[in-house]
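**Q** Sharing a structure, written as structure tokens. Questions coming.
The values are calculated or read from the model by the stated rules, or taken from the named source; none is laboratory data. Just so it is clear, the structure is predicted and the values come from calculations on it, not from any experiment. Here the Cβ positions follow ideal geometry from the backbone for every residue, glycine too, while neighbour counts run over all protein chains shown.
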Amino acid sequence: MTDEPACIVERVGRPYLVEAVRMLEAGQGSVADIDAALESAGYAWGPLRGLDAIGLDVDLANGDALAEAWDEARFTSPQLQRDLVAAGRLGRSNGRGFYRYDADGLAVPDVIRPLTAPLTLPPPLTPERIVERLELAVINEAYRAVADGLAAPPAIDRAMRSAAGFPRGPFELVDRLGLRALVGRLRALHEATRDSSGDQYQVAELLWQMATV
């Protein structure tokens with residue numbers, strides 16, 4: 001197991017980025033809506049703003065490497081991000097990604113409509129649902145990371161607070177939600193998102209074991 005924050009954040013924080021892009025891709029929220037929801041909930045930066053800071057191309061490569069290292073397709077970047085990189089929209093580094101940046105670095109959320117978006121978009125998610133969806137994805141990944149021997153729960157919580165700017169670690173959130181309620185919400189989300197998110201919300205085996213003891 002590791003106490004290295006960067007290794008923990010790279011793995012456990014991955015769904016925070018990926019699922020935000022998937023929501024945008026599905027028309028369930030705008031760039032401004034998604035980031036504002038998380039920042040209002042106490043996160044240091046919204047996921048799409050964070051991706052622009054990392055670099056969409058850099059993050060894409062990181063996701064592919066993570067997917068290969070752990071043999072898990074859920075870590076790969078969604079098609080929308082790949083399309084933006086192919087179009088030369090790399091983020092803050094070249095002035096345009098999910099945001100547009102002026103000469104002073106001022107960021108303005110861009111209007112992004114995926115090439116594959118349906119003609120009739122679904123109703124946008126409420127801020128509460130946006131936050132819930134990303135938090136549940138991170139919690140589920142945290143349990144998988146523990147099961148894989150990456151890190152212990154206290155180290156994961158510390159890393160996500162100190163290095164990722166989360167207001168609470170994933171296991172601290174579990175203490176507030178309760179195991180059975182958490183499993184119920186994950187199962188519902190898995191049914192609703194399996195076509196786009198694959199097994200992201202499929203209840204982690206360790207979590208299931210703990211909730212059914």
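Condition check ((1) aliphatic (A, V, I, L, M); (2) under 15 Å from the mean Cα position of the chain (by Cα); (3) modelled with pLDDT under 95; (4) not in a helix (DSSP H, G or I)) across all residues:
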| residue | (1), (2), (3), (4) |
| --- | --- |
| R133 | no, yes, no, no |
| E141 | no, yes, no, no |
| A151 | yes, no, no, yes |
| M160 | yes, yes, no, no |
| G165 | no, yes, no, yes |
| G184 | no, no, no, no |
| A188 | yes, no, no, no |
| L206 | yes, no, no, no |
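**Q** Here's another thing I want to ask about it. Whether any residue in segment 69-79 is charged (D, E, K, R) and surrounded by 24 or more Cβ atoms within 10 Å (Cβ to Cβ) is what I want to check.
**A** no
**Q** Please state which of the following conditions G42 fails to meet, knowing it meets all the rest: (1) on the phi < 0 side of the Ramachandran plot; (2) in contact with a Pro (Cβ under 7 Å, 6 or more places away or on another chain).
**A** (1)
**Q** When you scan segment 118-129, do you find a residue that is closer than 23 Å to Q79 by Cβ, in a loop (DSSP other than H, G, I, E, B), of a type in the set (A, V, I, L, M, F, W, C) and at pLDDT 90 or above, even just one?
**A** Taking every residue of segment 118-129 in turn, at least one turns out to be closer than 23 Å to Q79 by Cβ, in a loop (DSSP other than H, G, I, E, B), of a type in the set (A, V, I, L, M, F, W, C) and at pLDDT 90 or above.
**Q** Could I ask something else about it? Among the residues of segment 14-67 satisfying the criterion of being farther than 20 Å from E132 by Cβ and acidic (D, E), which is surrounded by the fewest Cβ atoms within 10 Å (Cβ to Cβ)?
**A** Here the residue is D64.
**Q** Moving on to the next point. Restricting the first residue to segment 81-98 and requiring it to be in a loop (DSSP other than H, G, I, E, B), which pairs with a second residue that is basic (K, R) meet a Cβ separation below 6 Å and a spacing of at least six or different chains?
**A** R89/R96; G97/R89
**Q** Here's something else I'd like to know. Quick check on this structure: which one of V9, V18, V31 is of a type in the set (A, V, I, L, M, F, W, C) and in contact with a Leu (Cβ under 8 Å, 6 or more places away or on another chain)?
**A** Step by step, each of V9, V18, V31 is checked, and only V31 is of a type in the set (A, V, I, L, M, F, W, C) and in contact with a Leu (Cβ under 8 Å, 6 or more places away or on another chain).
Listed here are the residues, each with its yes/no results for (1) exposed (fewer than 13 other Cβ atoms within 10 Å of the Cβ); (2) touching a Pro at 6+ places or on another chain (Cβ under 9 Å); (3) of a type outside the set (D, E).
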| residue | (1), (2), (3) |
| --- | --- |
| N140 | no, yes, yes |
| A159 | no, yes, yes |
| D195 | yes, no, no |
| G198 | no, no, yes |
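**Q** Can you go through L177, L186, L125 and tell me which one is farther than 25 Å from E4 by Cβ, buried (at least 18 other Cβ atoms within 10 Å of the Cβ) and without any contact (Cβ under 8 Å) to a residue 60 or more places away in the chain?
**A** Only one candidate passes the filter, namely L186.
**Q** Same structure, new question: Name the residues in segment 50-80 that are touching a strand residue (DSSP E or B) at 6+ places or on another chain (Cβ under 7 Å) and either free of Cβ contacts under 8 Å to residues at least 24 places away in the same chain or not hydrophobic (A, V, I, L, M, F, W, C) (or both), would you?
**A** D52, G55
**Q** Evaluate the following for E132: is it in contact with a helix residue (DSSP H, G or I) (Cβ under 9 Å, 6 or more places away or on another chain) and surrounded by 13 or more Cβ atoms within 10 Å (Cβ to Cβ)?
**A** Judged against the criteria, E132 is a match.
**Q** Please find, among A137, A142, the residue that is in contact with an Asp or Glu (Cβ under 7 Å, 6 or more places away or on another chain) and at negative phi.
**A** A137
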